[in-house]
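The values are calculated or read from the model by the stated rules, or taken from the named source; none is laboratory data. What you see is a predicted model; the values in this text were computed from it and never measured. Counting neighbours? That spans all protein chains shown, and the Cβs are built from the backbone with ideal geometry, glycine included. Remember, those area values only see protein heavy atoms, side chains included, never the ligands or the DNA or RNA. Shrake-Rupley method; radii C 1.70, N 1.55, O 1.52, S 1.80 Å.
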Amino acid sequence: MSAVVSQPPPGTSGWVCLRSTTLSRIAAIELLSDQALNLSDDMRQTLTKLTLEQPQEVPLRLWVQLDGVSWIAQGLQEKERRDAALRILILRQANFPLIRRLFNLSRDRWIELRKELNAPPAPKSVPQPAGHTVDDIYASWSKLIKEYDNEIDRWVVLAQQFPYLPLAGLYPLIYIPGAST
């Protein structure tokens, strides 16, 4: 069987034309068995004759719509992207409030993932970075807000931009406790 991208039915997208004599024959049998289709007698006779006598010559094009498969693939890609981001943030010592905010994860699952990844513990207290570093963090975060619609992506990029600072220390700078978010 060979899948060939060809001209889809008008007004559609996400369709692929399958050119396979085996599938064409199966489709012809399915068409013949479905009485609800109301095929003309001539059509039924021709399909029957071709299917039985010349199965290699059944002139059917089978169009398969792949939108559902594409949607599933996009969902899987998004899940993989989120899982990878979660691993990155845990390895960069994200504290539980940040993980809960971004991933709606339970504390037990966060602890479990940290163990699985052999991640360093999130520090209980983080010294405040030097003044110029805080300014750099705020400038970077402001830029990330403009560049990324997704907060998870912002935190991954911020972690990359400040690899020497644990995310547990960056989180209270970005989200001040008690302030509205």
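Structure data summary
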read-out	value
Candidate set: the range 127-143, residues that are among the aliphatic types (A, V, I, L, M) and either assigned to a helix (DSSP H, G or I) or in contact with a Leu (Cβ under 8 Å, 6 or more places away or on another chain) (or both); chosen: the one farthest from residue 158 (Cα to Cα)	134
Sole residue being open to solvent by less than 20 Å² (accessible area, probe 1.4 Å), within 23 Å of the chain's Cα centre (by Cα) and not aromatic (Phe, Trp, Tyr), chosen from 152, 137, 145	152
Total residues in the range 102-126, condition within 24 Å of the chain's Cα centre (by Cα) and small (Gly, Ala, Ser)	1
Residue list for the range 110-126, restricted to those being open to solvent by less than 100 Å² (accessible area, probe 1.4 Å) and either of a type in the set (S, T, N, Q) or assigned to a helix (DSSP H, G or I) (or both)	110, 111, 112, 113, 114, 117, 125
Any chance residue 87 is under 18 Å from residue 166 (Cβ atoms), open to solvent by 30 Å² or more (accessible area, probe 1.4 Å), part of a helix (DSSP H, G or I) and touching a Ser or Thr at 6+ places or on another chain (Cβ under 9 Å)	no
Flag if residue 107 is among the basic types (Lys, Arg), open to solvent by 80 Å² or more (accessible area, probe 1.4 Å) and either within 21 Å of residue 160 (Cβ to Cβ) or in contact (Cβ under 8 Å) with a residue 24 or more places away in the chain (or both)	no
